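A short worksheet on the structure shown next.
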Amino acid sequence: MNQKELESVINRPANIRYEYFIKKVVDTEEVWGLYDNGWSVTEDEKGNKSLPFWPKKEFAEYCATDDWEIYSSERIDLYEFIDEFLPNLKTEGYKPSIFFNKVDSAVLDVEILIEDLKAELERY
């Protein structure tokens, strides 16, 4: 992926990046996060915690700056993500933060993300 393509996608609104995420991860069967002795975590002003995920390694690495500069991009198999990772996330009280771009992301309930991923898998 070249820099122009990365910037074109990363600067789109959160809802468009979410749609891109769903299609891309179903196509590649992989999800990306940032990891260093634990997954990167974000927290909103109310103390709600979420874990950010990206559709491609380059997008995750784009966000590995400042507090996350020690983190490395880590691949997660899509089926493991749906069947194990997301249910565990819910149990721990975290929400998925989809396609953070250093400004915003789509933060939603685990069930909605699983439903959207399964619906896209059925169409695929």
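Collect the residues in the range 19-31 that are under 18 Å from LEU89 (Cα atoms) and either of a type in the set (Asp, Glu) or open to solvent by 30 Å² or more (accessible area, probe 1.4 Å) (or both), keeping them in residue-number order.
GLU30
When the range 91-110 is examined, which residues are found to be surrounded by 15 or more Cβ atoms within 10 Å (Cβ to Cβ) and assigned to a helix (DSSP H, G or I)?
VAL110
Any residue at all in the range 33-43 that is at pLDDT 95 or above, in contact with a strand residue (DSSP E or B) (Cβ under 9 Å, 6 or more places away or on another chain) and under 25 Å from ALA119 (Cα atoms)?
Yes, because at least one residue in the range 33-43 is at pLDDT 95 or above, in contact with a strand residue (DSSP E or B) (Cβ under 9 Å, 6 or more places away or on another chain) and under 25 Å from ALA119 (Cα atoms).
Filter the range 66-82 down to the residues that are modelled with pLDDT of 95 or more and surrounded by 12 or more Cβ atoms within 10 Å (Cβ to Cβ) and list them by number.
Once the filter is applied, which keeps residues that are modelled with pLDDT of 95 or more and surrounded by 12 or more Cβ atoms within 10 Å (Cβ to Cβ), the range 66-82 yields TYR71, SER72, SER73, GLU74, ARG75, ILE76, ASP77, LEU78, TYR79, GLU80, PHE81, ILE82.
For CYS63, work out the one condition from (1) farther than 19 Å from LEU121 by Cα; (2) touching a residue at least 12 places away in the same chain (Cβ under 8 Å); (3) open to solvent by 20 Å² or more (accessible area, probe 1.4 Å) it doesn't fulfil.
CYS63 satisfies every listed condition except (3).
From the list LEU121, LEU51, LEU113, exactly one residue is among the aliphatic types (A, V, I, L, M), open to solvent by 30 Å² or more (accessible area, probe 1.4 Å) and outside any loop (DSSP other than H, G, I, E, B). Which is it?
The conditions single out LEU121.
The values are calculated or read from the model by the stated rules, or taken from the named source; none is laboratory data. In this text, all values refer to a predicted model and were calculated from it rather than measured experimentally. All Cβ positions, glycine included, derive from the backbone under ideal geometry; neighbour counts span all protein chains shown. Accessible surface areas use protein heavy atoms only, side chains included; no ligands, DNA or RNA. Shrake-Rupley method; radii C 1.70, N 1.55, O 1.52, S 1.80 Å.
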